[in-house]
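Data first, discussion second: the structure below is written as structure tokens.
Every read-out reported here was derived from the displayed coordinates using simple, explicitly stated rules and does not represent laboratory data. This is a predicted model, so every value here is computed, not measured. For neighbour counting, all protein chains shown are included, and Cβ atoms are generated from backbone atoms with ideal geometry for every residue, glycine included.
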């Protein structure tokens, strides 16, 4: 092969489009038809029984369970999960016995201060502690020992992650109390086992094994990696990629984060992914977190990202004192879905009103002006066939067609309302006191503030679909991280910048304060 | 420097005698005089309060506590430990409230099978699970959250190990129930955090950093490493050294094991440490574990060695199929101490008897013939000045002087009784149903059997002092490991080889079966 041929082949290789997901997402979807050679579910339950009923389960039984469970189809797996949750539940009869004993001892607790009684008191105190320990033990479900032993087994943590992913899927369809209790217990244990103390931070570079890099490509959930050039770029000058690894799952990160070192906080993902040439690292003053992906669906709800971010910020501060700004450029995954739902409900409400005449007055309890009068007019003007529709109907049509991005006129008309509504969605819309948007909630609970929203920041199909192309910068102000995290977790208060407040104040004017009349 | 000079310097360096313990044993002994600039104990308790009373303790408070605690003297540390155990104990009032609620719900548990009631039943079941979770939470001492948060903090695991080492020392003097409960709780958590899933097995070689090798030298607890040649030998051809590492304590193993690959199971430590040239690895058929050392006194009672041994055996089996024998050459740390105590009590008993005349008959309940008649005669014959003493008195004198090793005559006379008594000590003497000797108990609970005891196997001063120079081979028979571990843990049964049984049968003959007479 000539030198020229080699570089040509290399160029082809580097540019070759990658499969969006060359590795099957873990856990591998269980085959719907069971392998005829696979052990039947009865055999897996046998191994479960052998493992879960022993004081210290034999490693061989645990391995047989693991192999058997993985080979089961969806129906079989669910049968095993139900058995685990119900047959190895809390031993209630024992709990009740111990409770009665405890109540009698605890109520007889001596309260005097006599020296003569000191020894008897110490004996009573010892008995109390012993009973509390016994009670704590008895209140553990019987599957606790099985889960602990499985975690200690090589490959066991991965199996438990698979098991929990199956359990979460099952809970989506069948929200039984025993299954929910199993999920909560397993999650609690996973939080302990995956404590940041047990995780290793590793900077992933182009020097890492292909088997690891392949996983980064497969698991990148935010901005898909298009080809090897794209991957190399994300690991090269002005870029960092850090992963959190656990000894029991070697060779693949549980979660990883991608960072760009830039002069300023970027306002679009295009300038992050394709800035050419990259900013010299010595000139960088902003570390921009532009992607964070977790790899194990079974670890859902376990906040590994919080500690990862913290450690990465600490490391960058130490290594690059010139970097002063720590911010993200984040997607807003729930914005469009929320807005379209809002539009649909308001349109329905309007229709109901016009059918009933105006008997409820100009504005019912649930009605709100989504669009400001100015915004409504601009949308009308930009639309070619308004067909006498209201502004919100036109907006719904436009957003659903997704063609508006290609029209300068429509884009210009949508910019103001979408930016304003996006600010409101991020900073005001809540669910159980927390930000409705999952990514917003993640960064806010970690102590960030909402700094800026950016128009046409992600023009990919996914970006337009999720958030009308808008992206948001969350800012981690080092001096406020702990304070913001605390106020958000205790009161749900969301810190945001003045630039965001401007949108929010306009929003307030737009709310419908018309009094409500009942006939 | 000439080439000759360099090699001479190198030779000097390599032969230089190492300090037995160049690194202070962890945890560093707290200074007895507090640093005048150190925060007083009140300040540390302040940080403890700030950390232990918050729902999610601030990292800064945890760090301040760590720094403050380390700077305290022994008295201060103990005050903090007492405060932790008592002031952040189980919230008993809350437990009692929850217990009462639970009892009323649990006793009202519906038992019918009616479909109409299904929804109500599901609600009741949910409530029951919720209360059980609440109760489990309430039964956790209030310091539980503090310990969890500390473990998640960089350097926190190490601090907790220091804290537990201090606690164990305190418990030795002041066995208060609250302190014991704290120790049990912390130990339970450490077992979870140090699950084998969180540990990495690493083969330590001469290519490892000096900072790591230095720790191997410092922590080697069984056969001190004399110089760099000795160290290099233990990491070279025919040798393996494996350590278990935790991500939170980088650069030093929690425990490590040294292995020699030999033709046969060695009968003395000399041939292991100084076989020259080493057996070619291709000819090895025995993997001999000759040293296992743990490095953190605060992790006492957490059986890391069991999993380490298991993983090392698995790895060696895979890499070296010609190795079929997995055995140890182990010290018998408690033998001499036990024997001298036995001799002292029997001598006292004899004296008491001779003072009272023979009123209790030839043999009281507690009297036993330690020496067989033959053995007694041989010891008499070998002693120059018997002074009319009994065999056991002579044996006591001889063992105490420790000069017998240098005399062939005395050594020959002692061999039979010491080997026989050693076999009895290992295989018969128990404490709470487990082998009295700590090393024996360790290997037996891991599933080993007692294969052979070896005369003059460790002629070092320490070896003579601990066990009269006798060492023992424990054998791990792969096909029996789980079975043996199970029978030992459930019934205390100790498996031993026929060669050991021979000693034990002779011992039985020697026991005193004379009936007891009371006046």
Shortest-first nm distances, residue A:354 label point to equivalent points in other copies (7 Å, Cα→Cβ): 12.1
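Considering every residue in A:198-208, what mean count of other chain Cβ atoms within 10 Å of its Cβ is obtained? It would help to have the intermediate numbers written out before the result.
Values: counts 12, 4, 6, 1, 0, 0, 0, 0, 0, 0, 0.
Partner Cβ neighbours, averaged per residue: 2.
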Inter-copy distances for residue B:264, label 7 Å out on the Cα-Cβ vector, sorted ascending, nm, one decimal, are 8.2
Degrees separating the helix A:59-71 axis from the principal Cα axis of chain A, which is the longest one: 30 degrees
Could you calculate the contour length gain from residue A:303 to residue A:94, that is, 0.36 nm times the residue separation minus the distance between their Cα atoms, to one decimal place in nm? 71.8 nm
Mean separation of Cα contacts under 8 Å (at least 6 apart) over the residue count of segment A:369-468, i.e. the relative contact order in percent, is 21 percent
Does the protein assembly as shown classify as rounded, prolate or oblate by the C-alpha gyration tensor (a ≥ b ≥ c root eigenvalues; a/c under 1.5 gives rounded; else a/b over b/c gives prolate, otherwise oblate)? prolate
Whose Cβ in chain A comes nearest the axis that rotates A onto B, and by how many Å? A:198, 2
In peptide B:171-183, how many Cβ atoms from other protein chains are near each Cβ within 10 Å, on average? 2
What angle do you read, to the nearest 10 degrees and between 0 and 90, between the alpha-carbon axis of helix A:74-87 and the longest principal axis of chain A? 50 degrees
Defining the label point at 7 Å along Cα→Cβ, can you sort the distances from residue A:82 to the same site in each other copy, shortest first, in nm? 5.8
Under the helix-only model (-39500 (n - 2.57) for each DSSP H run of 4 or more, divided by the residues of the protein assembly as shown), the mean residue ellipticity at 222 nm, to 500 deg cm²/dmol, is -16500 deg cm²/dmol
May I ask you to compute the full-extension gain from residue B:348 to residue B:314, defined as 0.36 nm times their residue separation minus their alpha-carbon distance, rounded to one decimal in nm? 7.2 nm
Output field shielding_mean for A:120-129 (other chain Cβ, 10 Å radius) holds 3
If I fit a long axis through the Cα atoms of helix B:481-491 and take the longest principal axis of the Cα atoms of chain B, what angle between them do I get, 0 to 90°, rounded to 10? 80 degrees
Relative contact order computed over segment B:198-330 (Cα-Cα under 8 Å; 6+ residues apart), in percent: 26 percent
Taking chain B and dividing mean pair separation by its residue count, relative contact order in percent (alpha carbons under 8 Å, at least six apart): 12 percent
Please state the shape class of segment A:198-330: rounded when a/c is under 1.5, otherwise prolate if a/b exceeds b/c and oblate if not, all from the C-alpha gyration tensor. prolate
Set the Förster distance to 22 Å, then compute FRET efficiency between residue A:431 and residue A:340 from the Cβ-Cβ distance, nearest 0.05. 0.80
Fraction of antiparallel bridges per DSSP, the protein assembly as shown only, in percent to nearest 5: 85 percent
Can you figure out the FRET efficiency of residue A:214 with residue A:67, using R₀ = 25 Å and their beta-carbon distance, to the nearest 0.05? 0.50
What number results when the radius of gyration of chain A, computed over Cα atoms, is divided by 2.2 N^0.38 Å? 1.21
